[in-house]
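Participant: Okay, handing you the structure first.
The values are calculated or read from the model by the stated rules, or taken from the named source; none is laboratory data. Computed from a prediction, not measured in an experiment: that's the story for all the values here. Every residue, glycine as well, gets a Cβ built from its backbone with ideal geometry; the counts of neighbours run over all protein chains shown. Each accessible area value is taken on the protein alone, full model and side chains, heavy atoms only, with ligands, DNA and RNA left out. Shrake-Rupley method; radii C 1.70, N 1.55, O 1.52, S 1.80 Å.
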Amino acid sequence: MQNIQLDQAYIWTPEALEGVFLLKARFLRFAYKKHVHEEFGIGVIEQGTEKFEYQGETHFAPTKSIITVNPDIIHDGSAATEHGYQYRMVYVPPAFVQELLSEFLNHSAPLGYFSTPVTFDADISQRLLYALRLLENPSSNRLEAQSVFLHTLADLFVRHAQPHLFTKPVSAHPGVIRKACALIHAKVMENISLDEIAKEVGVSRFYFLRLFKTSLGLSPHAYLMMRRLELAKHLIQQGETLAQAAYDAGFADQSHMTRHFKSAYGFTPGQFQHAIRI
């Protein structure tokens with residue numbers, strides 16, 4: 001296992017389980033800016049309470065609750081009280097979950113998504129916390145760590161995910177928002193303008209700016225930065241240098257990427273790069 005200390009947080013890839021990332025952290029003042037993950041974000045609050053915005057609503061995750069964040073859903077996060085909070089997370093790609101459910105459980109239903117980002121299940125919470133602690137410890141029995149985690153993950157999805165549910169931004173004009181997001185995604189490395197997007201989706205730039213913020217809770221520029229961060233993560237995983245990843249993802253320079261990366265994910269690109277190295 002390789003883990004990286006980041007003030008009060010660690011990120012690493014566990015030796016016992018390929019394809020996932022683990023994070024453990026304790027935050028008092030640090031607040032995540034709005035961001036997305038392409039993976040399911042699943043975790044347990046060990047101490048304290050986290051407060052976060054998700055799908056336009058404020059949620060609170062108290063001690064022993066389970067975080068169940070769907071892929072590609074905008075959210076943030078901060079301590080709900082002055083005492084801070086401590087938690088553990090695992091980021092699991094949808095393909096990983098689909099393979100687990102299909103082959104391990106012979107589960108033929110479509111991949112399910114969670115209806116709420118905070119799930120209460122004392123049994124799953126206890127088992128998941130135990131599994132994440134096993135995966136952290138390099139001296140743990142690998143077979144036990146893998147078995148406990150996979151069984152628990154499968155049970156979490158079977159009990160609490162809904163096969164036909166996929167939460168999307170609520171908007172009076174969902175087609176406009178979808179088209180705009182797709183355009184930004186397609187031109188993530190370009191210096192795209194507000195006028196260009198508004199013209200493409202067929203509304204005025206002023207109306208589009210208000211509609212986008214109302215629908216997603218952030219500006220088009222903030223959404224562009226999120227997509228650039230996701231691209232930068234992929235490029236780093238593919239072995240690009242940090243400077244090259246910053247350039248290819250459309251950032252002004254490496255320091256520009258680093259500032260946004262840390263604000264969104266809680267760790268720097270360099271720490272992420274170190275975590276994925278074997």
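Participant: So, in the stretch 110-126, how many residues would count as being open to solvent by 30 Å² or more (accessible area, probe 1.4 Å) and assigned to a loop (DSSP other than H, G, I, E, B)? So that I can check it myself, show each step before the final result.
Facilitator: First, the residues of the stretch 110-126 that are open to solvent by 30 Å² or more (accessible area, probe 1.4 Å): 110, 113, 115-116, 120, 122-123, 126.
Then drop every residue that is not assigned to a loop (DSSP other than H, G, I, E, B), which leaves 110, 115-116, 120.
Of the residues in that region, 4 qualify.
Participant: Please find, within the stretch 27-54, the residue that is farthest from the chain's Cα centre (by Cα) out of those that are at pLDDT below 95 and among the aliphatic types (A, V, I, L, M).
Facilitator: Once the filter is applied, the top-ranked residue is LEU28.
Participant: Condition first: more than 20 Å from ALA131 (Cα to Cα), open to solvent by less than 60 Å² (accessible area, probe 1.4 Å), part of a strand (DSSP E or B) and at pLDDT 95 or above. Can you find one or more residues in the stretch 59-75 that meet it? Before the answer, list the steps.
Facilitator: In the first step, residues of the stretch 59-75 are kept if they are more than 20 Å from ALA131 (Cα to Cα); the result is 59-60, 70-75.
Add one more test, that the residue is open to solvent by less than 60 Å² (accessible area, probe 1.4 Å), and what stays is 59, 70-71, 73-75.
Among the residues that remain, those that are also part of a strand (DSSP E or B) are: 59, 75.
Still in the list and also at pLDDT 95 or above: 59.
Within the stretch 59-75 (the criterion being more than 20 Å from ALA131 (Cα to Cα), open to solvent by less than 60 Å² (accessible area, probe 1.4 Å), part of a strand (DSSP E or B) and at pLDDT 95 or above), the answer is yes, since at least one residue qualifies.
Participant: Within the stretch 252-278, can you find the residues that are in contact (Cβ under 8 Å) with a residue 12 or more places away in the chain, in contact with a helix residue (DSSP H, G or I) (Cβ under 9 Å, 6 or more places away or on another chain) and among the aliphatic types (A, V, I, L, M)?
Facilitator: Residues satisfying the conditions are MET257, ALA264, ILE276.
Participant: Follow-up question, since we're still on this one. Within the stretch 81-92, can you find the residues that are in a loop (DSSP other than H, G, I, E, B) and open to solvent by less than 40 Å² (accessible area, probe 1.4 Å)? Break it down into steps so the answer makes sense when it comes.
Facilitator: Here is the first cut: in the stretch 81-92, the residues in a loop (DSSP other than H, G, I, E, B) are 81-84.
Selection gives GLY84 alone.
Participant: Only one of LEU143, LEU156, LEU129 is in contact with a helix residue (DSSP H, G or I) (Cβ under 8 Å, 6 or more places away or on another chain), assigned to a helix (DSSP H, G or I) and not hydroxyl-bearing (Ser, Thr, Tyr); which? I'd like the intermediate steps shown before the answer.
Facilitator: On the way: LEU143 fails: in contact with a helix residue (DSSP H, G or I) (Cβ under 8 Å, 6 or more places away or on another chain); LEU129 fails: in contact with a helix residue (DSSP H, G or I) (Cβ under 8 Å, 6 or more places away or on another chain).
Checking each option against the conditions leaves just LEU156.
Participant: Name the residues in the stretch 179-207 that are outside any helix (DSSP H, G or I), open to solvent by 60 Å² or more (accessible area, probe 1.4 Å) and among the aliphatic types (A, V, I, L, M), would you? Please lay out each step first, then the result.
Facilitator: Here is the first cut: in the stretch 179-207, the residues outside any helix (DSSP H, G or I) are 187-193, 202-204.
In the following step, the residues that additionally are open to solvent by 60 Å² or more (accessible area, probe 1.4 Å) were identified as 189-191, 202, 204.
Within the stretch 179-207, just MET189 meets the criteria.
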